[in-house]
Structure formats: structure tokens, C-alpha cells
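This report refers to the structure that appears directly beneath it.
The values are calculated or read from the model by the stated rules, or taken from the named source; none is laboratory data. This is a predicted model, so every value here is computed, not measured. Here the Cβ positions follow ideal geometry from the backbone for every residue, glycine too, while neighbour counts run over all protein chains shown. In case anyone asks, the SASA skips ligands and DNA or RNA and just uses the protein heavy atoms, side chains included. Shrake-Rupley method; radii C 1.70, N 1.55, O 1.52, S 1.80 Å.
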Amino acid sequence: MTYGLLYKHQICNRCNKPMLFAITKKTIDECWWRCAKKSCRLTKRVRCGSFFKDKHVPLNKCIMIIYYWSLNDVSQATTEEILKVSSTGVVMSWFGMLRDLCTRWIRDHPIQIGGHGHTVLIAKNLISHRKRSRNGVVLPLNEKWVFGAIDQDTKETFLVEVYETNAETSLPILLKHLLPGTTVCSKDCNEYNKLMRATDNQSILFVAPTGPRKNIVENLWRCMTDKLKRMRGTSDANTLSYLDEFLWHRQRRNGDRSTCFQKALELIRTYYPCS
Ligand SMILES: [Zn+2]
């Protein structure tokens, strides 16, 4: 309640009067809301209307699952082990719910990086490709890429899922996510600049890569390794949510453990406010 994740007040649906908070052994939360009127005594779960509604895991365990998720370096399996959650899929389901919140956050707060004086590097990674069956027939599976850019100084990143990575399809994505004045290093700079001239747009400038900048992009994929592994073989919707989760955590990567946890609670509060 202090963190705004549970309602501090409830109104009885029958009497339309404030309910009382009470301790009870009758629910897994060991407390509930109860109507003060003797002839009514309607009860409500303490998590009624919150992010935790309809879930059957004790609240203290829910909070710990959120804590481990917020650290971004504790796997689902380890979280299950630490918290001794034996029911299959409970932690997976919670991590999935939090991942969905990241997708909502990224959708509501589109990432823009770069700007005047900033240089970004283009990053792309193939996450699924056409496979040949034994008789040599190519299976109709689309190539799927993670495409984006990383600021070489601030390491701010945007990433999206795409099916093509040529200059024509990539330019609109770059224009959407890069602030005016950004310099973009790309081996396809001539092609990009030609397209920019054709549309009379000079908001970003493309230059040929120089120097050992490959490490920055490789480091980005190294950070993403775990996510990339899980993204392979997942549905399109899941791929996107893993990307969004990665980006949400990355934007908060410089915080300590307590800050990460507070940010996760803030994320929940944003979409499930209890005030
Ligand atoms: Zn009542």
C-alpha cells in the first residue's frame, strides 16, 4: 500500500461505505477488506483491482519475484530455486507479465537517441533464417533481424525487429529513432546519403565507419546473448516483448539493486495505479 501497488481504501459494493482492513487466516495474504456493517460483512481481497489480482501466489513472494526480475541477471530457474516456487510456470508467468509491461512502456515512451555531436553505430543481428530440409527444399521461413543503433559514447540503444535490413527499409526506422544532427556510421553510407538527398532530408548524416568500433556492437550483442537465445524460435509477439524488456532494463542499467527494484515498482504503478 505504501508503494501504491495496493489500494489503501475500499468501498463496499453493497453498502457503498468504506470497508475496514482486517487480519485473517482465511486468505493467502492473511488480511482482507471487510464491510463494517454487521448485517453485510462483505469481504474483498487486499489485492483487489491491483496488478496482483487473480494471482494465487502470496504477496511477499510476488514482491520477491519482481525484485529478482528487476535485477536482470537472475534467471527464471534461479528465481524459482531461491524462492522455492514449486508450481510449474509461476515465475515464467510473472516474468512474462513484467515483460508485457515493458512493451507497453516502450510503446508509450518511444526511444530516440543521438543528436548533435553524437555518433551512432548501426547494429543488426539475424535471429531466424530460412532452413533447408533434407531434400534441399527451402522452408518458407522469413529471415528475421534485430536492427537498431547504439550511441558510441552514451551506449544508448534502440532496437526493433525487422525482416529486411537494406537501406530503403532501414532509413525510415533510423529517422524515427535518431534525433536530428546525429552522425551514423554505416558501410552503406553512400546508399543512405543518396536516399536522404532524394527526399531532401538532411536531419542525419551517414559516414563510413573508421577505427575499431566493432567492439561496441559486439558488446551490445554479448549483453543480449541470453535474450537472443530465447528470442530464437519464439513467436513474433514474444520476440518483440523480449526486445522491449532488454531495452527497458538497458535504460536503467546504471542503477544499483535498490534503484532497479524501485523502477520495476514504478513500472507496475504506471499501468496499475492504486491511488
Ligand atoms: Zn457492506
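Taking each residue as 0.36 nm, the span from residue 56 to residue 203 lengthens on full extension beyond its C-alpha to C-alpha distance by 47.7 nm.
Of the residues 59, 70, 10, the one whose Cα sits farthest toward the positive end of the charge dipole of segment 8-91, with +1 on the Cβ of Lys and Arg and -1 on the Cβ of Asp and Glu, is 10. For segment 1-50, the solvent-accessible area with a 1.4 angstrom probe is 67 square angstrom per residue.
Here r is the Cβ-Cβ distance between residue 37 and residue 275 and R0 is 25 Å; the resulting FRET efficiency, rounded to 0.05, is 0.50. Relative to a virtual label point 7 Å from the Cα of residue 153 in the Cα→beta-carbon direction, which members of segment 179-206 show backbone nitrogen distances below 14 Å? Once the point is set 7 Å along Cα→Cβ of residue 153, 181-184 turn out to lie under 14 Å by backbone N, inside segment 179-206. The residues packed around residue 32, meaning those with a beta-carbon under 10 Å from its beta-carbon, carry a net charge of +3 if Lys and Arg are +1 and Asp and Glu are -1. By the Cβ distance rule of under 4.7 Å, the chain has these cysteines without a partner: 31, 48, 62, 102, 185, 189, 223, 260, 274. Leaving out ligands, DNA and RNA, what percent of the accessible area of segment 1-129 is carbon and sulfur, probe 1.4 Å? With neighbouring chains kept in place, the figure for segment 1-129 is 54 percent. For each pair in 187/227; 53/229; 155/263; 25/53; 194/227; 155/194, compute the distance between the two Cα atoms and list the pairs where it is over 30 Å. Result: 53/229; 194/227 exceed 30 Å. Heavy-atom accessible area for residue 248, with the other protein chains in place and a 1.4 Å probe, reaches approximately 10 Å². Restricting attention to the chain, close to 75% of DSSP beta bridges with both partner residues there are antiparallel.
Note: relative contact order over segment 23-122, using C-alpha pairs below 8 Å and six or more positions apart, is 15 percent. In percent, rounded to a whole number, the relative contact order of the chain is 20, using alpha-carbon pairs under 8 Å and six or more apart.
The simple spin-label model puts a point 7 Å past each Cα toward its Cβ; for residue 23 and residue 3 those points are separated by 2.3 nm. So, R0 is 22 Å and r is the distance between the beta-carbons of residue 97 and residue 230; what FRET efficiency does that work out to, to 0.05? Once rounded, the FRET efficiency stands at 0.85.
Placing a label point 7 Å from the Cα of residue 163 along the Cα-to-Cβ line, the residues of segment 106-129 whose backbone N sits under 14 Å from it are 128-129. You can think of it this way: the chain between residue 254 and residue 87 has 56.8 nm of extra reach, that is 0.36 nm per residue less the Cα-Cα gap.
In a fully extended conformation the segment linking residue 263 and residue 30 would gain 81.2 nm over its present Cα-Cα distance, using 0.36 nm per residue. Sorting 223, 48 by accessible area puts them as 223, 48; the probe is 1.4 Å, largest comes first, and only protein heavy atoms count.
Taken along its principal axes, the alpha carbon cloud of the chain reaches lengths of 79, 51, 33 Å, longest axis first.
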